[in-house]
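Contents: one structure, followed by commentary.
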Amino acid sequence: MPTDTKRVRGPEVSQSPSLFLCKPAAVFPSHGARADGRQRDQVDVRPVFVRCGLVSQAKGSAYIEAGNTKLMCCVYGPKETERKDETDMKCGKLTTDMRFAPFSCLERGSWIQGSQDKDLSLMLHESLQPAVCLHKYPRSQIEVNVMVLENSGSVLAHAVTCASLALADAGIEMYDLVLGCSIRQDGASYVVDPSYMEENSCSSVGSKNQGGLTVAFLPSLNQISGLQSDGEMTEETLTAGVRTCIEGCYKLYPVIQQALAKAVRRAAPPPSES
């Protein structure tokens, strides 16, 4: 009997996915240690693994892993602009595209770019553009593509860092690297580099200080290139949150520098034997 070769057959023995579904608690305590062991009200970021130059087809690429948050970024260009009517004779054009893989979140998504992807792409563009020397690339465009492989919180902050690494790996002239850090304010307490569950939960119901903050920072120039906040926070809380994010960026800076130095050493030709 002929078989249907176009149908993907499932395994003969299978189990319901609901058996592996873990339902996390909807409310997290506002005191004590966090679920992953980190401390509240301290600049306690997750351990970061960074690698450059993983995609050979791209001009520059970077991979970053912070806890269970995993992102990949590829940079293409500088190349000729696709539309002649958008060509700028004095400076280049930076385009950003940030997407979530269908398997990156708890609820499976689609490959079609949604409203959240477009908003994050715009925020990523606003954070990176002040750091790139676009006047060095007239009549050209630089494409930055970020793919979120797994979303475990703080994706925008790590996307900024990953895209900055990929731009540096591609040899794009920049004023400085751009590092990202985010916090989640929950009443009088805050958490740095929040996880996905911490971003989508709150324990202080009715409190005025409820929201998230993401800062894109240029550490060598000591300047902020992008800031995104949501929720309701007082002016003093917002100012303290910006300082906390800047301190978190300075903690990541040595790791990023070391990853770039390793990438340069790998790409350098071997010494000639004389």
> Hey, among A26, A33, which residue is open to solvent by 40 Å² or more (accessible area, probe 1.4 Å), modelled with pLDDT of 70 or more and farther than 17 Å from L71 by Cα?
Replying inline: A33
> So how many residues does segment 250-274 have that are open to solvent by less than 50 Å² (accessible area, probe 1.4 Å) and under 27 Å from L120 (Cβ atoms)?
Replying inline: 6
> For the subset of segment 100-152 comprising residues that are under 15 Å from C73 (Cα atoms), modelled with pLDDT of 90 or more and of a type in the set (D, E, K, R), which member is farthest from the chain's Cα centre (by Cα)?
Replying inline: E143
> When you go through A166, A170 one by one, which is the residue that is surrounded by 24 or more Cβ atoms within 10 Å (Cβ to Cβ), in contact (Cβ under 8 Å) with a residue 60 or more places away in the chain and aliphatic (A, V, I, L, M)?
Replying inline: A166
> Within segment 214-238, which residues are outside any helix (DSSP H, G or I) and under 15 Å from S189 (Cβ atoms)?
Replying inline: G231, M233, T234
> Is it true that some residue in segment 239-249 is assigned to a helix (DSSP H, G or I), open to solvent by 50 Å² or more (accessible area, probe 1.4 Å) and at pLDDT below 90?
Replying inline: no
>> All but one of (1) in contact with a Gly (Cβ under 6 Å, 6 or more places away or on another chain); (2) of a type in the set (G, A, S); (3) open to solvent by 10 Å² or more (accessible area, probe 1.4 Å) hold for A188; state the number of the condition that does not hold.
In response: (1)
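The values are calculated or read from the model by the stated rules, or taken from the named source; none is laboratory data. From a predicted model like this one, the values you see are computed outputs, not experimental measurements. Please note: Cβ atoms are built from the backbone with ideal geometry, for glycine as well, and neighbour counts cover all protein chains shown. Remember, those area values only see protein heavy atoms, side chains included, never the ligands or the DNA or RNA. Shrake-Rupley method; radii C 1.70, N 1.55, O 1.52, S 1.80 Å.
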